[in-house]
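The values are calculated or read from the model by the stated rules, or taken from the named source; none is laboratory data. Everything numeric here is computed off the predicted structure, so don't read it as measured data. Cβ placement follows ideal geometry from the backbone for every residue including glycine, while neighbour counts extend to all protein chains displayed. Each accessible area value is taken on the protein alone, full model and side chains, heavy atoms only, with ligands, DNA and RNA left out. Shrake-Rupley method; radii C 1.70, N 1.55, O 1.52, S 1.80 Å.
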Amino acid sequence: MDLSGMPRPQPPRQKATMPAMTRLVFDHLTLWITPAASEHSHDLVPYIEERTGASRRAVLAALRKLQDAGWLTRSGTKARPVFAPGSIRQVARNYTLHGLQEDLPWQRDFAPHFALPKHVERMIQHGFTELVNNAADHSGGTSVTVSLRQTPSHVQLLVSDDGIGVFDRICTAFSLEDPGHAMLELSKGRLTSSPEAHTGRGLFFCSQLADVFDIHANNTAYQRRAWETAGWRKGKPLPRQGSSIYMAIALNTTRTLDGVMAAWSTAGDGIAFDQTVVQLRLLVSEGQALDSRAQGRRVGSRLTAFKRAEISFEGVTDVGHGFADELFRVFARANPQVNLVPTHTTPRIDALIKAAQAG
């Protein structure tokens with residue numbers, strides 16, 4: 001699943017000015033039929049007539065198609081029908097970022113129109129408010145488009161802003177030269193360009209809550225799939241300015257917000273965010289070795305914020321003495337409070353690490 005599986009979010013449509021025969025295009029209706037069915041359950045037919053200028057006959061035909069496709073349910077009588085959102089629902093809104101308070105759109109425009117399992121609703125609310133707040137506080141843009149869609153199997157959130165782009169923002173704030181290095185830092189967690197106002201939890205935990213998580217920004221894309229042990233990998237970027245972040249959660253997931261946060265706390269209580277995983281494959285292209293001390297220092301950057309750090313060698317085929325020595329001797333001896341735990345190693349990499357630790 002990727003961004004192509006979700007209709008591109010658009011601002012809510014106002015009263016149409018198109019010719020009547022094009023007003024009830026099915027894809028256009030799905031952009032606003034969910035809140036319309038919630039708010040006009042007893043007068044949906046006249047509401048659509050007034051909003052679009054379409055005939056009653058055309059409206060009834062369109063509503064039958066929406067029912068058949070799962071967008072609506074109908075009860076009541078033939079003369080007095082009562083409509084409600086169906087198993088497929090969507091709300092799309094566009095907001096000006098200046099002064100935006102992220103809890104209000106959720107409470108007012110989105111939450112009332114969805115029917116999600118409580119633990120899933122809690123996770124998607126967390127993702128919604130964190131991602132919209134990130135757009136408002138960090139993107140430097142002027143507007144954000146938010147689309148939330150429910151299907152019989154998943155809930156899907158897409159947040160797109162017109163700002164600087166998340167990878168460019170990180171590179172500027174931390175003097176990095178490569179989007180891949182920005183992704184490495186982002187994947188560690190506790191990364192923020194505004195430490196006085198943020199803790200660096202938002203985007204990280206959103207990615208851990210989701211079954212599918214994609215970040216697109218200025219022709220760079222990375223994606224994470226919960227069922228893949230390798231974690232983050234490069235994706236196919238969207239040709240647009242700004243950031244687009246997509247997350248999807250299965251409705252039958254056993255994952256919970258508290259459980260995800262607990263997994264990144266050494267005490268297991270979800271209070272402290274004091275352990276992380278560093279995916280070394282983000283540092284190198286396929287087939288290349290981790291050979292330099294500079295790469296070792298890059299891995300160790302900011303690890304002093306954690307008590308425990310798993311160093312995953314999955315996808316790394318070769319390691320040099322300089323890299324191993326810089327990370328597992330120089331950094332480790334300078335920061336004994338950080339427990340470095342190498343994982344997915346080969347016998348040769350194990351030997352290099354042990355040699356470095358022995359000095």
Checklist line | Enumeration of residues in region 344-359 that are open to solvent by 30 Å² or more (accessible area, probe 1.4 Å) and within 34 Å of the chain's Cα centre (by Cα) | finding: H344, T345, T346
Note to self: Could you go through region 339-356 and let me know if any residue there is outside any loop (DSSP other than H, G, I, E, B), within 22 Å of L191 (Cβ to Cβ) and among the aliphatic types (A, V, I, L, M).
What the structure shows: yes
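Only one of these is part of a loop (DSSP other than H, G, I, E, B) and either under 30 Å from D214 (Cβ atoms) or modelled with pLDDT of 95 or more (or both): Q90, Q101. Name it.
Working: Q90 fails: part of a loop (DSSP other than H, G, I, E, B).
Of the residues listed, the single one that is part of a loop (DSSP other than H, G, I, E, B) and either under 30 Å from D214 (Cβ atoms) or modelled with pLDDT of 95 or more (or both) is Q101.
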Checklist line | Count - residues of region 125-145 that are in contact with a helix residue (DSSP H, G or I) (Cβ under 7 Å, 6 or more places away or on another chain), of a type in the set (S, T, Y) and over 14 Å from S207 (Cα atoms) | finding: 0
Next item on the list: Among the residues of region 109-128, count how many are under 19 Å from I249 (Cβ atoms), open to solvent by less than 30 Å² (accessible area, probe 1.4 Å) and either touching a His at 6+ places or on another chain (Cβ under 9 Å) or not aromatic (F, W, Y) (or both).
Entry: 8
Checklist line | Residues located in region 21-75, provided they are at pLDDT below 95, in a loop (DSSP other than H, G, I, E, B) and among the charged types (D, E, K, R) | finding: R23
Check: Out of all the residues in region 260-280, which are in contact with a helix residue (DSSP H, G or I) (Cβ under 9 Å, 6 or more places away or on another chain), of a type outside the set (D, E, K, R) and not in a strand (DSSP E or B)?
Finding: V260, M261, A263, W264, G268, G270, I271, F273, L280
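Can you say whether R333 is part of a helix (DSSP H, G or I), without any contact (Cβ under 8 Å) to a residue 60 or more places away in the chain and charged (D, E, K, R), as far as the supplied structure shows? Walk me through how you get there before you give the answer.
Working: part of a helix (DSSP H, G or I): yes; without any contact (Cβ under 8 Å) to a residue 60 or more places away in the chain: yes; charged (D, E, K, R): yes.
Here the answer is yes, as R333 does meet what is asked.
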Next item on the list: Filter region 50-92 down to residues that are touching a Leu at 6+ places or on another chain (Cβ under 9 Å), among the basic types (K, R) and under 17 Å from L31 (Cβ atoms), then give me how many there are.
Entry: 2
Next item on the list: Scan region 256-270 and give yes if some residue there is of a type outside the set (S, T, Y), open to solvent by less than 20 Å² (accessible area, probe 1.4 Å) and touching a residue at least 40 places away in the same chain (Cβ under 8 Å), otherwise no.
Entry: yes
Item checked: Every residue from region 76-108 that is within 21 Å of the chain's Cα centre (by Cα) and open to solvent by 20 Å² or more (accessible area, probe 1.4 Å) -> I88, R89, R93, N94, Y95, T96, L100, Q101, E102, D103, L104, Q107
Check: Which of the residues that make up region 111-124 are more than 12 Å from the chain's Cα centre (by Cα) and either in a helix (DSSP H, G or I) or basic (K, R) (or both)?
Finding: A111, P112, H113, K118, H119, V120, E121, R122
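For region 145-254, give me every one of the helices (runs of 4 or more DSSP H) that falls completely inside it and has 1 or more residues that are surrounded by 18 or more Cβ atoms within 10 Å (Cβ to Cβ), β-branched (V, I, T) and touching a residue at least 60 places away in the same chain (Cβ under 8 Å).
Values: elements: 166-174, 179-188, 202-209.
The helices (runs of 4 or more DSSP H) meeting that bar are 166-174.
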